[in-house]
1. Name every residue in region A:159-201 that is closer than 19 Å to residue B:152 by Cβ, near DNA strand D (Cβ under 10 Å from one of its atoms) and charged (D, E, K, R), in order of residue number.
2. Tell me, please, whether a residue that is free of Cβ contacts under 8 Å to residues at least 40 places away in the same chain and more than 14 Å from chain B (Cβ to nearest Cβ) can be found in region A:135-156.
3. Can you tell which of A:166, A:178, A:145 is closer than 30 Å to residue B:120 by Cβ, crowded, with 19+ Cβ neighbours inside 10 Å and either of a type in the set (S, T, N, Q) or within 14 Å of DNA strand C (Cβ to nearest atom) (or both)?
4. What are the residue pairs meeting all of these: first residue in region B:67-81, first residue in contact (Cβ under 8 Å) with a residue 24 or more places away in the chain and among the charged types (D, E, K, R), second residue away from DNA strand D (no atom under 16 Å from the Cβ) and assigned to a strand (DSSP E or B), Cβ atoms under 6 Å, and 6 or more apart or on different chains?
5. Let me confirm something: among B:77, B:69, which residue is within 16 Å of DNA strand D (Cβ to nearest atom), open to solvent by less than 70 Å² (accessible area, probe 1.4 Å) and within 19 Å of residue B:142 (Cα to Cα)?
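The values are calculated or read from the model by the stated rules, or taken from the named source; none is laboratory data. All of these numbers come straight from a predicted model, not from anything done at the bench. Note that we place each Cβ from the backbone using ideal geometry, even for glycine, and neighbour counts take in every protein chain shown. Keep in mind that these areas ignore ligands, DNA and RNA; they rest on the heavy atoms of the full protein, side chains included. Shrake-Rupley method; radii C 1.70, N 1.55, O 1.52, S 1.80 Å.
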2 protein chains.
Amino acid sequence: MSNNANLTSCQPLLDYFGKLIPLKREEKELVEAKFHPLTFAKKQFALQQGKICDHFDFVVKGCLRLFKVDEKGDYHVFQFATENYWILDLTSFHKRIPSTLNIEALEDTLVLRITHRDLLDLYIKAPKFDRIFRVLLENHFMQQQERIGQLFSSTAEERYLSFLEQYPHLFNRIPNTQIASYLGITPEFLSKIRKNLQSKG
Amino acid sequence: MSNNANLTSCQPLLDYFGKLIPLKREEKELVEAKFHPLTFAKKQFALQQGKICDHFDFVVKGCLRLFKVDEKGDYHVFQFATENYWILDLTSFHKRIPSTLNIEALEDTLVLRITHRDLLDLYIKAPKFDRIFRVLLENHFMQQQERIGQLFSSTAEERYLSFLEQYPHLFNRIPNTQIASYLGITPEFLSKIRKNLQSKG
DNA sequence: CTATACCCTTAAACTAGGTTAAGAAATCAG
DNA sequence: CTGATTTCTTAACCTAGTTTAAGGGTATAG
């Protein structure tokens, strides 16, 4: 019965993997054995800075944010993760060092989680996952590079517009303070931008 | 004889891979078959925007820069690659779409290059390279994330100091205009920063 | 050896975005 | 339903970094 429950709960992840590379029965069973569901209430932390990030999370439902608190106490959002996104502090996860980042639920959230040890074991038992996680990482990398490009050469207004385009499902789901923090500006300035845009059309 | 020449020329790359995961004889031979040496004179382009990036380059000697030219005509350096670094436009390479970036030699440079087709073939013939390139990508990703964090919360002076720390071998090897372009500031402002630092000590 | 291109610096005027403060609106826990 | 917390907006003032312009320094190709 618990086996059956897992079968059900891992389905979104199996679908996700299956779209990248078709999985064999044994590989599906491995996924079911290694990933475990976990829920977070809104405002609950999935990772606190100072702790080692021992988990690689796939979001089934809800929304998490990965963010840094700098020396001045300001918050900076690296990434939001909604349905079918991955979230973790990769640096802490791989180097096994205390994290400088936090992960917090912006909504009640359900994730499928694999631990560091289990992921290594998964790579050994089914090398196909080396490839799957390579592809997954490539996608994350491309997104990050796009972001660096924008931080370099776009104004805050342009970045806001492109955020709205890229994450239309997010903008009425999370507060503007969070969006500002993702764009690298203050909420006050975002407010000014929004007013400007409104007067334009 | 040409075989022998390749054996010699691939040695830095074999060393690099060997440090990540030991390679078997067949795997070494595959590397020698798939990677080919290529030289660029200073100022020569290894990639021009608009073309598809069909190559993944390992720098044996010299220095390349990966940069973007924005709408205003300003240049922004994503990455420098010196000895033992990788350089390519990953987005163009994987999505097979025209690149928005350029790669240019800042010094006379020797790379070992693998094409897209040969890399896919390498993954198939030796799945160990799925793992190697996963690890390699993880490292790049971590560096990029660090960079985003800095662009968010550090002043230009702080970023300059941390550049000097992180790339001590680069700062007297490339012009300050390039460093400014990497830091996301104008050469004039970098000059001001350097003057300030000098008066401090 | 020389001319040309590139590189570095200075300084004055300017602008994108930050800071501070304060009130209004929305959301939420009890 | 109600008080409390969070969120959004406005506005006046401030600052890090840009722009423009100009002069001097330094490689480098021919």
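1. A:188
2. no
3. Unique residue meeting the criteria: A:145.
4. Correct list of pairs: B:68/B:101.
5. Criteria check complete, one pass: B:77.
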